[in-house]
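The values are calculated or read from the model by the stated rules, or taken from the named source; none is laboratory data. Computed from a predicted structure; not experimentally measured. Methodologically, a virtual Cβ is constructed for each residue, glycine included, from the backbone with ideal geometry; neighbour enumeration extends over all protein chains shown. When the accessible area is computed, the model is the full protein with side chains, heavy atoms only, and any ligands, DNA or RNA have been set aside. Shrake-Rupley method; radii C 1.70, N 1.55, O 1.52, S 1.80 Å.
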Amino acid sequence: MQPLNNPTAIIDFCLAPLNLDTQTEAEREVRRRLEHVIKTFRAKAAQPVSVDFSSMPSQVINEAAHGYE
């Protein structure tokens, strides 16, 4: 997998497992907020930032232990 540079591509990759309905106001608001966070972070970072999810370790959440919220 290539590192992702575009905020929309990063957001798409992160939200894909949730399989959200793209026609809802809630989904559009989540995207708007995440894009704002990414752009704000990049503006404050000393150098350009890209995200390489292929080097990110997997995490397994035990919902039974942490609650099904």
**Message:** Place a point 7 Å from Cα of residue 41 in the direction of its Cβ. Which residues in region 1-17 have their backbone N less than 18 Å from it?
**Reply:** 2-17
**Asked** With r defined as the distance between the Cβ atoms of residue 54 and residue 34 and R0 fixed at 25 Å, what FRET efficiency is calculated, to the nearest 0.05?
**Response** 0.80
**Request:** Go through region 18-26 residue by residue and turn each phi into a ³J(HN,Hα) via Karplus (6.51, -1.76, 1.60, θ = phi - 60°); whole Hz please, and just put x for glycine and proline.
**Result:** 7, 6, 6, 6, 6, 8, 8, 5, 4
**Asked** Residues of the chain: accessible area per residue at 1.4 Å, in Å²?
**Response** 86
**Request:** Collect residues whose amide H, placed 1.01 Å from N in the peptide plane, falls under 5 Å from the amide H of residue 4; neighbours closer than 5 in sequence don't count.
**Result:** 51, 52, 53
**Message:** Give me log10 I(q)/I(0) at q = 0.16, 0.22, 0.24, 0.25 Å⁻¹ for region 11-54, Debye formula, one equal scatterer per alpha-carbon, no solvent.
**Reply:** -0.52, -0.83, -0.91, -0.94
**Complete:** Sorted by accessible surface (1.4 Å probe, heavy atoms of the protein chains only), largest first, 13, 53 come out as 13, 53
